[in-house]
Amino acid sequence: MPVTSGSGVTREIWLWDFGGQADQRLIHQLYMDETALAVLIFDGQKEDLFETLGQWDRDLTRAARKGFAKLLVAARVDAGGLRVGRSEIEKFATERGFVGFLETSAKQNLGCEELKHAIFAAINWDEIPCRTTEVLFKRLKEEIIQLKDEGRVLMRFNELRETLQLRLSAQFTDGELRGVLTLLAGPGVVWELAFGSWILLQPERINAYAQAVIRTLQSEELQRGYLMEDRVLKGDLAYASSMPRLADDEERFVLLAMHQTVVERGLCLRQPTARGNLLIFPSYYRRERSDAVRSPAVLVSYRFTGFLDEIYATLVVRLHHTEPFQRDQLWRYAADFKTNTGKQLGVKLTRRAPGAGEVEAYFDPDISTEEKIIFSKYVHEHLLNYARDVERLRHYVCPSCGTPVGNREVAMQRLRAWIEGRSTRPDAPNPSKVFRRKKQLPSIVCVECEQRVPLWDDMEECFASPEIQQRVRDMQQEASIELDNESKERALVGEVISTVALAGQICRELTVSDNGIHMEIEFKDDAYAATGAKLYLQVKSGDSYVRNRQSDGTELFTIKNQNHAAYWMSQPFPVWLVIRNAAGEVRWMDMRDALARTGGPKPVQQFSFQGERFDVMSVRRRRDEAL
């Protein structure tokens with residue numbers, strides 16, 4: 001929606017229409033990074049008006065990465081007006097920070113022009129980066145939008161460039177076109193996929209297919225919160241009746257992009273099984289924890305506000321990607337983990353109010369103090385990064401009689417006051433040096449035996465340790481690297497599929513890849529019929545898979561699983577290694593040939609990676625060799 005300002009500058013406003021169903025809200029937060037204004041439109045005849053608007057207001061505010069203005073709009077006022085008084089709605093709008101409230105009717109054209117001006121006035125234009133464009137940029141942008149309006153969904157960069165050159169009868173550089181695409185990507189008009197040089201002209205398709213995944217999870221009778229990855233990538237999902245599916249050749253890549261996005265954002269786990277990978281969505285796991293399951297003692301809990309589903313899902317996913325803790329069991333808003341010694345610990349989410357929750361961290365009593373603190377500190381840091389209004393509550397127990405301290409809030413207030421008091425005194429002694437001088441340490445009286453319960457104990461001393469803080473940061477970095485590698489490998493899978501398709505051949509991702517073979521290419525003959533001649537692929541993304549030998553700079557690939565090497569050599573078709581480095585360069589080579597040349601009496605531990613560029617022409621060369 002272009003709007004001309006008083007200074008003659010044309011400003012553009014891009015409107016995104018989000019569905020109101022609650023099951024879509026986990027997906028909405030993927031698309032709100034650059035939000036400048038939210039317009040909440042409601043039907044004035046609804047009975048639960050304030051409850052619904054309040055939930056939407058909380059979800060939108062917490063999902064966005066930065067602040068934005070809000071407008072409250074009543075729609076269809078011609079169909080009966082407002083069920084509640086205007087004064088009540090205006091009071092709600094004022095209390096929630098809305099900059100205005102309008103009544104509208106599209107049928108009678110009531111309030112529509114006022115809404116347009118209100119949207120323009122509510123946006124803080126000074127906080128939005130100014131990007132002035134030349135005439136060529138403007139023409140390119142308008143033509144791309146025209147392609148979008150004509151129903152084009154996916155185009156490769158080169159195809160888009162050639163199409164625009166024909167339509168405009170003009171020449172421009174790749175850099176100029178990429179500049180326009182960058183401008184349009186900001187408000188979400190287009191989306192450059194992480195693979196295949198694909199430009200998605202309708203990014204809302206990602207949202208629609210992600211919603212179909214959520215619908216499928218909720219339609220499962222057992223509500224297990226997981227789907228086979230292969231099923232998702234094939235598009236075998238529960239679609240809304242109003243959602244038109246794309247053609248197979250486009251849907252395949254949109255599904256790959258959607259899958260890569262939810263993995264990258266940490267909203268699901270990829271769990272290998274004998275039947276293939278599972279995609280596990282912790283927020284949609286509905287198996288209730290049985291009363292017969294022993295619940296370890298709760299050590300600490302956290303109260304916070306925020307987008308609960310995302311906070312909980314990303315916490316479980318990121319904990320899963322840390323070395324000290326292995327995921328054990330998932331329940332309805334609870335996740336059990338195990339230490340490396342098999343001891344149980346975990347987290348449980350309780351919804352206290354709309355947008356407000358409490359996470360409990362529980363532990364087997366035999367777990368060491370250090371492991372308890374590292375786990376709870378990880379939860380602590382995650383909530384500080386993802387949630388708001390985080391309040392930590394220790395669960396103290398009287399050492400004399402074993403009675404739990406009931407008033408945790410008072411205990412934590414007293415502990416915080418003591419810590420803050422120490423921090424303001426430059427000569428304050430180190431707590432570890434005065435620990436036994438109990439009169440200087442905070443405590444609270446036990447209601448049962450009236451003995452004093454120390455609040456600064458071994459647990460708190462360990463919790464405040466810089467060494468523990470650093471270990472948790474290292475774990476966070478470890479989880480980020482794991483998630484980043486998963487996302488990059490999904491992008492590489494998309495790159496391989498895109499390149500092979502452009503070469504006119506068949507590419508399949510294998511359901512089970514635990515033997516070191518992830519994909520296969522089947523070649524077609526000159527009549528475009530499948531021949532049965534194949535290549536097998538192992539795909540790896542990231543610089544860590546190849547290292548340079550210091551003596552001569554030779555690139556070396558290390559075989560971490562010797563069983564894989566034997567399996568590769570036994571295959572009826574060649575097995576090729578495909579590696580994408582951090583710069584985005586993709587190369588591949590025949591591993592069986594390298595193993596045969598390097599092999600001797602001892603198992604091959606590594607071989608020289610002499611990969612050629614992976615592109616359409618190299619795929620066609622392999623096809624010619626195979627046929």
Members of LYS343/LYS377; LYS540/LYS560; LYS348/LYS377; LYS107/LYS141; LYS148/LYS488; LYS70/LYS91 lying beyond 21 Å, as alpha-carbon distances in this model show | LYS107/LYS141; LYS148/LYS488
Least to most buried among ILE579, ILE517 (fewest other Cβ within 10 Å first) = ILE517, ILE579
Under the Karplus relation 6.51 cos²θ - 1.76 cosθ + 1.60, θ = phi - 60°, what is the ordered set of whole-Hz ³J(HN,Hα) values for segment 528-544, x standing for Gly and Pro?
-> 6, 9, 5, 9, x, 6, 9, 10, 9, 10, 10, 10, 9, 10, x, 6, 6
Using modelled backbone amide H atoms (1.01 Å from N, in-plane), which distant-in-sequence or interchain residues come within less than 5 Å of GLY44's amide H?
-> ALA75
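Ranked by Cβ crowding within 10 angstrom, fewest neighbours first, how are CYS401, CYS268, CYS507 ordered?
CYS401, CYS507, CYS268
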Would you kindly state the longest site-free stretch of the chain, with sites defined as GluC sites (Glu not before Pro) in a DSSP loop (not H, G, I, E, B) surrounded by at most 16 other Cβ atoms within 10 Å?
-> 289-447
Checking segment 438-528 for chymotrypsin sites (Phe, Trp or Tyr not before Pro) in a loop per DSSP with at most 12 other beta-carbon atoms within 10 Å yields TYR528
Taking all pairs of distinct alpha-carbon atoms in segment 469-584, Kirkwood radius in angstrom = 16.3
Which option, [x] 28.9, 90; [y] 27.8, 99; [z] 25.8, 84, is the value of Rg and Dmax of the Cα atoms in Å that was calculated from these coordinates?
-> [x]
Sorted by Cβ neighbour density within 10 Å, fewest at the top, the residues VAL493, VAL390, VAL316 = VAL390, VAL493, VAL316
Could you pull out every residue, at least 5 positions away or on a different chain, whose amide H is within less than 5 Å of the one on VAL397? Hs are placed 1.01 Å off N in the peptide plane, and Pro or chain starts have none.
-> VAL405
Using the Karplus equation 6.51 cos²θ - 1.76 cosθ + 1.60 (θ = phi - 60°), what ³J(HN,Hα) coupling, rounded to whole Hz, does each residue of segment 484-493 give in order, writing x for Gly and Pro?
-> 5, 5, 4, 5, 5, 5, 5, 5, 5, 4
The chain: relative contact order in percent, alpha carbon pairs under 8 Å with at least 6 residues between = 8
Given H placed 1.01 Å from N in the peptide plane, which residues other than close sequence neighbours of LEU510 have an amide H under 5 Å from its amide H?
-> MET519, GLU520
Sequence order, segment 553-559: Karplus ³J(HN,Hα) from phi using 6.51 cos²θ - 1.76 cosθ + 1.60, θ = phi - 60°, Hz rounded, Gly and Pro as x, gives x, 5, 7, 10, 10, 9, 8
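Any read-out appearing in this document is the output of simple, stated calculations on the displayed coordinates, not a laboratory observation. Being a predicted model, the structure only gives us computed values, none of them experimental. Methodologically, a virtual Cβ is constructed for each residue, glycine included, from the backbone with ideal geometry; neighbour enumeration extends over all protein chains shown.
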